[in-house]
Amino acid sequence: MATILKNFIVFEGLDGAGTTTQMQLLAEACDRQNRLCKATFEPTDKPLGRLVRSILKKQIVTTPLALALLYAADREDHLHNPIYGLVADLEAGKIVISDRYLYSSLAYQSVECDFERIASLNDFPSPEYIFFIDTPIEECIRRIAVRGDEAELFERSEFLSQVKENYERIFASLDEGITLVRIDGTLTKEEIALQVRKTLFSE
Ligand code: TYD
């Protein structure tokens, strides 16, 4: 069983589900309450994460397994980089909030790669909380279209429906000690943020 990192909180969901907004709203709530926190995301904005993003934007073509390895390398760096690694922030007493974590790799990369292979690449510590923003696929696709950018690699409804099935399977067998909170992604962003704060801070 993987170690659980206390005060490590992750948001998961399909593309367009609203995880980035919720990561930001929670970070703002922590600031207002003078709780030290670090808000972060994967793929990161560091060199390995930028490489991943150029693959998502279809500027570089590679294989699904090469991409899975890069996501895992970016995650290892995100956790343990000697300058900005988040484990050091947790050890220093901060709450760390991440928009996506290893559950994204398990759900997305296992559409095209062997699940066990992806799981072994992602033998990283677990977060204390996972907030799953459960937004219907049609709504996600609508929001992606409204953004107006060219569709990224995974932003297709058939792909996202497989990702959704994978998330459900993964969440059905989470290790003990990890708290999974599923929130209806059709609620307003304020309502979702309130549910998150109720869970964490008993507001
Ligand atoms: P994200 O940055 O959340 O999307 P955007 O900012 O474009 O809304 O994530 C980028 C994409 O990468 C998204 O399709 C989910 C995917 N992803 C994986 O496939 N595996 C992973 O491990 C992670 C972290 C993300």
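The values are calculated or read from the model by the stated rules, or taken from the named source; none is laboratory data. Computed from a predicted structure; not experimentally measured. Methodologically, a virtual Cβ is constructed for each residue, glycine included, from the backbone with ideal geometry; neighbour enumeration extends over all protein chains shown. Side chains included, ligands, DNA and RNA excluded: accessible areas come from the protein's heavy atoms. Shrake-Rupley method; radii C 1.70, N 1.55, O 1.52, S 1.80 Å.
Pick from the range 91-109 the residues that are open to solvent by 20 Å² or more (accessible area, probe 1.4 Å) and assigned to a loop (DSSP other than H, G, I, E, B): which of them is nearest to the ligand (Cβ to nearest atom)?
Arg100
Out of everything in the range 27-53 that is more than 20 Å from Leu67 (Cβ to Cβ) and open to solvent by less than 70 Å² (accessible area, probe 1.4 Å), what residue ends up being farthest from the ligand (Cβ to nearest atom)?
Gln33
Any residue at all in the range 111-126 that is in contact (Cβ under 8 Å) with a residue 60 or more places away in the chain, buried (at least 16 other Cβ atoms within 10 Å of the Cβ) and within 22 Å of Glu158 (Cα to Cα)?
No.
Can you spot a residue in the range 145-167 that is more than 16 Å from the ligand (Cβ to nearest atom), assigned to a helix (DSSP H, G or I) and not hydroxyl-bearing (Ser, Thr, Tyr)?
No, every residue in the range 145-167 fails to be more than 16 Å from the ligand (Cβ to nearest atom), assigned to a helix (DSSP H, G or I) and not hydroxyl-bearing (Ser, Thr, Tyr).
Would you confirm whether or not the range 75-90 contains a residue that is modelled with pLDDT of 95 or more, over 20 Å from Leu180 (Cβ atoms), of a type in the set (Phe, Trp, Tyr) and within 14 Å of the ligand (Cβ to nearest atom)?
No, the range 75-90 contains no residue that is modelled with pLDDT of 95 or more, over 20 Å from Leu180 (Cβ atoms), of a type in the set (Phe, Trp, Tyr) and within 14 Å of the ligand (Cβ to nearest atom).
Name the residue, out of Gln24, Gln59, that is assigned to a helix (DSSP H, G or I), open to solvent by 40 Å² or more (accessible area, probe 1.4 Å) and either touching a strand residue (DSSP E or B) at 6+ places or on another chain (Cβ under 7 Å) or more than 9 Å from the ligand (Cβ to nearest atom) (or both).
Just one listed residue meets the conditions, Gln24.
Of all residues in the range 71-101 being touching a Ser or Thr at 6+ places or on another chain (Cβ under 8 Å) and of a type in the set (A, V, I, L, M, F, W, C), which is farthest from Val10 (Cα to Cα)?
Ala72
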